[in-house]
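> Handing you a structure now.
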């Protein structure tokens, strides 16, 4: 989670001593916008989603998170509440690192501080891309870009790739700011164009180059 190459053993041992690991069942709210953020939080195992949780209203996912990935690496530095709610979509493991203790460790180890700055910069860049796509791309281009970010290439078949769908259609649609019906239409549309083939919860990308061109918008 802190970018390669591996950190010095001294830093790794200190981080392990600072961190806490907990197992959480599916359906649990992992982070809440009503709570002060005092820790940096990592999804170590399982699937979760960031979005909006409200009383008596189904959780509204805005972004899926598959382990290992950060759930919230920024809010604690601002002394604010969490920017989004987070919910476990499966049984998960969550790692928490207290901001105050981590800040002390960063003062002792400049390389640790540099890695964390890089992580935050990547997150800002990714969020800027998402904002740009929502403002300037149509639904088909946004969906093509969504698929590309999740592609696993097939070495034996150049120009092709596979996307495993870990989320329900309505959750994917929410991330793209479209309806589930529009998502179904886009899947049929890309299939008719020969760009993809849908097999249950797997999407086979048949023409990676054309999908990349479509994602540009």
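Bear in mind that the values in this text are calculations on the coordinates, not laboratory data. Small disclaimer: the values here were computed from a predicted structure and weren't measured. Cβ coordinates were reconstructed from backbone atoms using ideal geometry, including for glycine residues, and neighbour counts include every protein chain displayed.
> Against the longest alpha carbon principal axis of the chain, how many degrees, from 0 to 90 and to the nearest 10, is the axis of helix 99-108 turned?
Orientation of helix 99-108: about 70 degrees from the principal axis.
> So between residue 126 and residue 36, what do we pick up on full extension, going 0.36 nm a residue minus the alpha carbon distance?
Here the answer is 30.0 nm.
> Using Cα centres only, tell me the gap between the range 143-188 and the range 113-137 in whole Å.
So the two Cα centres are separated by 20 Å.
> Expressed in nm to one decimal, what extension gain is obtained for the pair residue 52 and residue 169 from 0.36 nm per residue of sequence separation less their Cα-Cα distance?
Taking residue 52 through residue 169 to full extension adds about 40.4 nm, to one decimal.
> Given a Förster distance of 25 angstrom, what is the FRET efficiency for residue 188 paired with residue 63, based on the Cβ-Cβ distance and rounded to 0.05?
After rounding, the FRET efficiency stands at 0.50.
> How much length is gained if the chain between residue 157 and residue 177 is pulled fully straight, taking 0.36 nm per residue apart and subtracting their Cα-Cα distance, in nm to one decimal?
4.0 nm
> So if R0 is 30 Å, what FRET efficiency would residue 83 and residue 148 give, r being the distance between their Cβ atoms, rounded to the nearest 0.05?
On the way: r = 25 Å, r/R0 = 0.85.
Result of the calculation: an efficiency of 0.75.
> Between residue 10 and residue 138, with labels modelled 7 Å along Cα→Cβ, what's the label distance in nm to one decimal, could you check?
For residue 10 paired with residue 138, the spin-label model returns 5.9 nm.
> Name the most mobile residue of 95, 12, 130, meaning the one with the largest mean-square fluctuation, in a Gaussian network model of the chain with Cα contacts below 10 Å.
Looking only at 95, 12, 130, the largest GNM fluctuation is found for 12.
> Normalised by the empirical 2.2 N^0.38 Å for globular proteins, what value does the Cα Rg of the range 111-183 take?
Relative to the 2.2 N^0.38 Å estimate, the range 111-183 comes out at 1.37.
> When the chain is modelled as a GNM with alpha-carbon springs shorter than 10 Å, which of 17, 113, 88 fluctuates the most?
17
> Which whole number in µm²/s is D for the chain by Stokes-Einstein, with the Kirkwood Rh taken over Cα pairs at 37 °C and 0.692 mPa s? Numbers along the way, then the final one.
Working: Rh = 19.0 Å.
Here the translational diffusion coefficient equals 173 µm²/s.
> Which value results for Rg/Rh of the range 137-216 when Rg is the Cα radius of gyration and Rh the Kirkwood radius based on the inverse mean 1/r?
0.93
> Between helix 180-192 and the chain, what is the angle of the helix's C-alpha long axis to the longest principal axis, kept within 0 to 90° and rounded to the nearest 10?
Helix 180-192 sits roughly 60 degrees off the main axis of the chain.
> Specify the residue with the greatest mean-square fluctuation among 125, 59, 143, computed from a Gaussian network of the chain linking alpha-carbon atoms under 10 Å apart.
With Cα springs under 10 Å in the chain, the top fluctuation among 125, 59, 143 is at 125.
> Give me the one-decimal nm value for the distance between modelled label points at residue 216 and residue 2, 7 Å along each residue's Cα-to-Cβ direction.
4.0
> OK, next. So what does the Cα-only Debye profile of the range 63-153 read at q = 0.12, 0.24 Å⁻¹, as log10 I(q)/I(0), no solvent term?
-0.53, -1.37
> So how far, in whole Å, is the C-alpha centre of the range 189-217 from the one of the range 1-79?
When both Cα centres are located, 32 Å separates them.
> Taking the C-alpha atoms of the range 1-117, how large are the radius of gyration and the largest Cα-Cα span, Dmax, in Å?
14.6, 48
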